[in-house]
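> After the structure tokens below, expect a handful of questions from me.
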């Protein structure tokens with residue numbers, strides 16, 4: 001794991017957008033010792049500004065302004081469709097900073113054109129970052145220095161695990177796999193809970209069993225050197241209950257359909273870049 005981010009009085013990080021992902025990173029930075037006074041946040045929506053004030057003690061700005069000039073790093077945590085307009089408003093104040101984007105689909109060519117700098121790192125985190133259990137993939141543009149990479153990495157490390165990809169196009173696959181991935185887990189948790197209720201369990205107990213199973217299985221996979229196929233086979237005795245369930249899913253081509261669904265997510269990530277990332 002990388003060392004903690006710079007928390008000296010001269011360090012400053014700006015966030016354009018103050019939603020869930022920005023809050024996850026802000027929370028991680030504050031846990032690592034940064035002060036709210038070292039953070040600038042631009043958030044146009046009053047309820048979100050009020051939440052930032054209540055949760056973190058941060059007085060967010062309604063619009064970009066000269067206060068952003070002290071930031072060494074700018075984190076772009078805006079929706080893809082608002083990125084270009086937000087960049088136009090902030091560009092005059094952020095030219096000397098490193099730029100870290102968490103916006104899905106928006107490619108670094110577009111970000112470089114809109115911000116006027118080649119110091120661009122794109123990343124794709126996921127919502128478990130809110131509790132420090134995220135997994136994030138990062139991509140560095142050619143203009144990013146080793147020191148820049150370390151700075152971006154240190155900031156993301158406050159939210160959980162991280163890895164670097166070499167090809168920017170791979171971030172579309174990351175978006176489909178881990179960026180959207182928590183929703184797939186929640187989808188299956190819904191189904192397992194429903195099945196438990198239909199088989200006679202109270203909903204609270206069914207949900208607790210489902211969550212515990214997912215958490216435990218993920219922890220086992222994380223700790224094991226075996227591939228998931230082997231781990232699955234070890235709990236799938238022929239003729240047993242697990243075998244009955246796996247056979248039913250294979251008969252319905254569930255794995256193939258699930259893979260197809262992830263490809264749909266990857267295509268949508270590419271479409272977001274095409275739709276909202278025009279230069």
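> Check off (1) surrounded by 22 or more Cβ atoms within 10 Å (Cβ to Cβ); (2) touching a helix residue (DSSP H, G or I) at 6+ places or on another chain (Cβ under 6 Å); (3) in contact (Cβ under 8 Å) with a residue 60 or more places away in the chain for residue 84 and give me the number that stays unchecked.
Of everything listed in (1) surrounded by 22 or more Cβ atoms within 10 Å (Cβ to Cβ); (2) touching a helix residue (DSSP H, G or I) at 6+ places or on another chain (Cβ under 6 Å); (3) in contact (Cβ under 8 Å) with a residue 60 or more places away in the chain, residue 84 misses just condition (1).
> Among the residues of segment 161-180, write down those that are buried (at least 17 other Cβ atoms within 10 Å of the Cβ) and assigned to a helix (DSSP H, G or I).
171, 172, 173, 174, 175, 176, 177, 178, 179
> How many residues are in a helix (DSSP H, G or I) and buried (at least 19 other Cβ atoms within 10 Å of the Cβ) when one looks only at segment 58-72?
Restricting attention to segment 58-72, the residues satisfying the condition of being in a helix (DSSP H, G or I) are 66-70.
Filter once more, so that each one left must be buried (at least 19 other Cβ atoms within 10 Å of the Cβ): 68.
Final tally of qualifying residues: 1.
> Would you be able to say whether some residue in segment 145-154 is assigned to a strand (DSSP E or B), surrounded by fewer than 18 Cβ atoms within 10 Å (Cβ to Cβ) and assigned by TED's automatic domain parsing to the domain that holds residue 104? Spell out the reasoning first.
As a first pass, look at segment 145-154 and keep what is assigned to a strand (DSSP E or B): none.
Within segment 145-154, none of the residues are assigned to a strand (DSSP E or B), surrounded by fewer than 18 Cβ atoms within 10 Å (Cβ to Cβ) and assigned by TED's automatic domain parsing to the domain that holds residue 104.
> State the number of residues belonging to segment 144-161 that are in contact with a strand residue (DSSP E or B) (Cβ under 7 Å, 6 or more places away or on another chain) and either free of Cβ contacts under 8 Å to residues at least 60 places away in the same chain or over 15 Å from residue 121 (Cα atoms) (or both).
6
> Can you tell me which of (1) at pLDDT 95 or above; (2) surrounded by fewer than 11 Cβ atoms within 10 Å (Cβ to Cβ) is the one residue 278 doesn't meet?
(1)
> Test residue 198 against the criterion of being surrounded by fewer than 10 Cβ atoms within 10 Å (Cβ to Cβ) and over 30 Å from residue 171 (Cβ atoms), and give yes or no. So that I can check it myself, show each step before the final result.
Working: surrounded by fewer than 10 Cβ atoms within 10 Å (Cβ to Cβ): yes; over 30 Å from residue 171 (Cβ atoms): yes.
Taking the combined requirement at face value, the residue satisfies it.
> On to the next question. Specify which of the listed residues (187, 214) is within 30 Å of residue 26 (Cβ to Cβ) and loosely packed, with under 14 Cβ neighbours inside 10 Å. Before the answer, list the steps.
Working: 214 fails: loosely packed, with under 14 Cβ neighbours inside 10 Å.
Residue meeting the stated conditions: 187.
> Search segment 237-252 for residues being surrounded by 10 or more Cβ atoms within 10 Å (Cβ to Cβ) and in a loop (DSSP other than H, G, I, E, B), and hand back the single one that is modelled with the lowest pLDDT.
Once the filter is applied, the top-ranked residue is 237.
> While we're looking at this one, here's another question. Please verify whether residue 138 is exposed (fewer than 15 other Cβ atoms within 10 Å of the Cβ), modelled with pLDDT of 95 or more, in contact with a strand residue (DSSP E or B) (Cβ under 9 Å, 6 or more places away or on another chain) and part of a strand (DSSP E or B), treating the condition exactly as stated. Before you say what the answer is, go through the steps one by one.
Values: exposed (fewer than 15 other Cβ atoms within 10 Å of the Cβ): no; modelled with pLDDT of 95 or more: yes; in contact with a strand residue (DSSP E or B) (Cβ under 9 Å, 6 or more places away or on another chain): yes; part of a strand (DSSP E or B): yes.
The answer is no for residue 138.
> Can you tell me which residue among 178, 108 is under 21 Å from residue 20 (Cα atoms) and touching a strand residue (DSSP E or B) at 6+ places or on another chain (Cβ under 7 Å)?
178
> Mind listing just one residue for me: the one in segment 1-47 that is out of contact with any helix residue (DSSP H, G or I) (no Cβ under 9 Å at 6 or more places or on another chain) and outside any loop (DSSP other than H, G, I, E, B) and, of those, modelled with the lowest pLDDT?
31
> Going by the structure shown, is residue 113 surrounded by fewer than 24 Cβ atoms within 10 Å (Cβ to Cβ), under 22 Å from the mean Cα position of the chain (by Cα) and in a helix (DSSP H, G or I)? Steps first, answer last, please.
Values: surrounded by fewer than 24 Cβ atoms within 10 Å (Cβ to Cβ): yes; under 22 Å from the mean Cα position of the chain (by Cα): no; in a helix (DSSP H, G or I): yes.
No; evaluated as a whole, the condition is false for this residue.
The values are calculated or read from the model by the stated rules, or taken from the named source; none is laboratory data. No experiment lies behind these values; they were computed from the predicted model shown. Note: ideal-geometry Cβ built from the backbone for every residue, glycine included; neighbour counts use all protein chains shown.
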